[in-house]
Amino acid sequence: VTLYLLLACAPLVIAALPPRPVGRPFVVELGIALGFIGLGQIALQFGLIARSEKVTRPFGIDLVMQYHRQMGTLAIALVIAHAVVASAARPSILADLVPSRGGAGPFAGLVSIVALAWLRISSGRRKQLGLRYESWRLLHLLLSVVGLAAALVHVLATGIYAAIAWKRAVLIAYSCACVLPVVWLRLVLPARLKRRPYVVADVRAEAGSTWSVALTPEGHPGLRFAPGQFAWLRIGGSPWSLEEHPFSFSSSADRAGRIEFAVKELGDFTGRIGSVRPGTRAWVDGPHGSFSIDFVQDADSTLFVAGGIGIAPVMSILRTLYDRRDRRSHVLVYGCTTREGASFGEEIEEMKRVLDLQVVIVPMRPPEGWPGPSGHVTRELLAPLAFESGAPRTAFVCGPDGMMSSVEESLRACGLPPGKIHMERFQLV
Ligand SMILES: Cc1cc2nc3c(=O)[nH]c(=O)nc-3n(C[C@H](O)[C@H](O)[C@H](O)COP(=O)(O)OP(=O)(O)OC[C@H]3O[C@@H](n4cnc5c(N)ncnc54)[C@H](O)[C@@H]3O)c2cc1C
């Protein structure tokens, strides 16, 4: 966080270092300062989305993406505030927006603002604009590169603060360095993935419109992951394709080689998953994420709360614990639409023979005469399950967004400290 703040302020610090103009009105300086902080914020967004483990591990990728959305919005607000303050201080600037009169600088500033505003609008209103996720992603990348490049041209062409050579060189180097992680993610990483291909070994139908997709490594030993983590998966096509989707590993982390994912039919990619033929090439970028029992030191007893396909990472954890013959006490609360639609129901029952596992299935639409709880997973249901001999269990929660928020609230209300609650959100945008 400290590094982020330092890097975000770096362009302002570079601009403020001598030599710099003196005796100008405060409001003009304020407007320019807002612009430099905005430039830093825009540049840093490229680093946030580059899936670096150093960035995502401590916080979880969902929080990092949420932070990216908030900081991206702040960056755009700063850049717009810069334009408003600058033109209020010197209204003649508006006429300079015509390139033949004002040159490249003011016009580049306008291009940057338009690109960034479109970036924000297309992100907030993707569905209303009818943009497919993949088209939006490409547009997002292009608009952000245009927004940053135009902002840099604006600074270099207009800025009296970047008039001398070393400042210009440092600002250009700073901007290029910030974009490097995305170059790595989109060009270099796929080249590395190409050398580590997988093939689809098996696609099995599970209950609840879900498919288990098994992959085996081709010509390499495969990857190691912690149970509960996820990977970005491309099936067919090229490792450079923008069509890649995040899926949690659902197989045991202790079985080397073959890996499995549980994929629920929800949209165009997942809706086609059942027709993928064994032998199809696949590319796996992972492991990612911090949602794992292996990353928690004091998980003496656990409470898993899964909703719908949120059972996928929990299956990976349970299957791994099963392989390890784990002796700790575990509770699984599994919210599903119907009892028959609960994926992996039989396997979970079977695991009880080896694990100290209590399973509470909570169907939204229970069958006639259902003896257990049904409907939403409530605080009343969780309260007696959240503690083991008076000590708080370590909770792992994964499911639809609405359910996760209410479960988190309920667990806190039951007295579980925030550090004991681990969440994995499947909704990044
Ligand atoms: C960390 C994580 C782990 C996940 N694990 C699983 C899992 O184990 N099993 C499972 O079935 N689903 C999982 N998902 C959700 C899965 O990624 C989406 O359901 C899938 O990408 C939808 O693609 P689609 O083309 O079928 O649907 P679409 O109709 O294109 O998309 C539906 C929604 O899924 C999200 N989405 C689509 N494409 C992507 C993408 N490339 N990257 C990020 N989000 C996207 C968007 O929010 C979109 O609105 C996980 C998501 C995340 C973030």
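The values are calculated or read from the model by the stated rules, or taken from the named source; none is laboratory data. All figures in this text were calculated on a predicted structure; none of them were measured in a lab. Here the Cβ is made from the backbone with ideal geometry for all residues, glycine too, and neighbour counts use every protein chain on show. Surface areas here come from the heavy atoms of the whole protein model, side chains and all, with no ligands, DNA or RNA. Shrake-Rupley method; radii C 1.70, N 1.55, O 1.52, S 1.80 Å.
From the list Arg425, Arg353, which one is within 16 Å of the ligand (Cβ to nearest atom), within 27 Å of Ser252 (Cα to Cα) and of a type in the set (Lys, Arg)?
Criteria check complete, one pass: Arg425.
If only one of Arg328, Arg319 is within 16 Å of the ligand (Cβ to nearest atom) and basic (Lys, Arg), which one is it?
Answer to the selection: Arg319.
Hey, any hits in the range 337-348 for a residue that's within 15 Å of the ligand (Cβ to nearest atom) and either in contact with a His (Cβ under 9 Å, 6 or more places away or on another chain) or open to solvent by 30 Å² or more (accessible area, probe 1.4 Å) (or both)?
yes
Run down Val183, Val200 and say which single residue is among the hydrophobic types (A, V, I, L, M, F, W, C), more than 22 Å from Leu321 (Cβ to Cβ), away from the ligand (no atom under 14 Å from the Cβ) and open to solvent by less than 10 Å² (accessible area, probe 1.4 Å).
Details: Val183 fails: open to solvent by less than 10 Å² (accessible area, probe 1.4 Å).
Checking each option against the conditions leaves just Val200.
State the number of residues belonging to the range 278-300 that are over 18 Å from Ser250 (Cβ atoms) and among the aliphatic types (A, V, I, L, M).
Result for the range 278-300: 2.
Counting only residues that are near the ligand (Cβ under 6 Å from one of its atoms) and among the polar types (S, T, N, Q), which one in the range 234-272 is surrounded by the fewest Cβ atoms within 10 Å (Cβ to Cβ)?
Once the filter is applied, the top-ranked residue is Thr270.
Residue by residue through the range 12-56, note down the ones that are under 25 Å from Cys176 (Cα atoms) and among the basic types (Lys, Arg).
Matches in the range 12-56: Arg20, Arg51, Lys54.
Do you know which of the residues in the range 309-329 that are surrounded by 24 or more Cβ atoms within 10 Å (Cβ to Cβ) and not aliphatic (A, V, I, L, M) is nearest to Phe230 (Cα to Cα)?
Out of the qualifying residues, it is Pro313.
What residue, of Val28, Val55, is more than 30 Å from Gly289 (Cβ to Cβ), assigned to a helix (DSSP H, G or I) and open to solvent by 20 Å² or more (accessible area, probe 1.4 Å)? Before you say what the answer is, go through the steps one by one.
On the way: Val55 fails: more than 30 Å from Gly289 (Cβ to Cβ).
Result: Val28 is the single residue among Val28, Val55 that is more than 30 Å from Gly289 (Cβ to Cβ), assigned to a helix (DSSP H, G or I) and open to solvent by 20 Å² or more (accessible area, probe 1.4 Å).
Take the conditions open to solvent by 50 Å² or more (accessible area, probe 1.4 Å) and among the hydroxyl-bearing types (Ser, Thr, Tyr) and apply them to Ser389. Does it pass?
yes
Answer yes or no as to whether Gln41 is open to solvent by less than 30 Å² (accessible area, probe 1.4 Å), closer than 30 Å to Phe291 by Cα and not aromatic (Phe, Trp, Tyr).
yes
Quick one: count up the residues across the range 168-208 that are in contact (Cβ under 8 Å) with a residue 60 or more places away in the chain, under 30 Å from Ile273 (Cα atoms) and out of contact with any Pro (no Cβ under 9 Å at 6 or more places or on another chain).
Residues meeting the conditions: 7.
Ala231 fails exactly one of the following numbered conditions: (1) near the ligand (Cβ under 10 Å from one of its atoms); (2) among the small types (Gly, Ala, Ser); (3) closer than 27 Å to Leu411 by Cα. What is the number of that condition?
Here Ala231 meets the rest and fails (3).
Restricting to the range 273-293, what's the tally of residues that are within 14 Å of the ligand (Cβ to nearest atom) and over 16 Å from Lys420 (Cβ atoms)?
Going through the range 273-293 one residue at a time, the tally reaches 11.
Tell me which residues, restricted to the range 211-225, are open to solvent by 10 Å² or more (accessible area, probe 1.4 Å) and away from the ligand (no atom under 13 Å from the Cβ).
Thr216, Pro217, Glu218, Gly219, His220, Pro221, Gly222, Leu223, Arg224 - these are the residues of the range 211-225 that are open to solvent by 10 Å² or more (accessible area, probe 1.4 Å) and away from the ligand (no atom under 13 Å from the Cβ).
Pull out all pairs, ordered by first then second residue, where Cβ-Cβ is under 6 Å, the residues are six or more apart or on different chains, the first lies in the range 402-418 and is under 13 Å from Ala386 (Cβ atoms) and touching a residue at least 24 places away in the same chain (Cβ under 8 Å), and the second is in a helix (DSSP H, G or I) and basic (Lys, Arg).
Ser410/Arg379; Ala413/Arg379
What pairs come up if the first residue lies in the range 102-126 and is outside any helix (DSSP H, G or I), the second is open to solvent by less than 50 Å² (accessible area, probe 1.4 Å), and their beta carbons are under 6 Å apart, counting only those six or more places apart or on different chains?
Correct list of pairs: Arg126/Trp136.
Kindly list the number of the only condition in (1) within 16 Å of the ligand (Cβ to nearest atom); (2) β-branched (Val, Ile, Thr); (3) open to solvent by 20 Å² or more (accessible area, probe 1.4 Å) that fails for Val296.
Here Val296 clears every test but (1).
Quick one: what pairs do we get from the range 256-272, first residue farther than 14 Å from Arg204 by Cα, second of a type outside the set (D, E, K, R) and within 6 Å of the ligand (Cβ to nearest atom), C-beta under 6 Å, 6+ apart or different chains?
Qualifying pairs under 6 Å: Phe269/His245.
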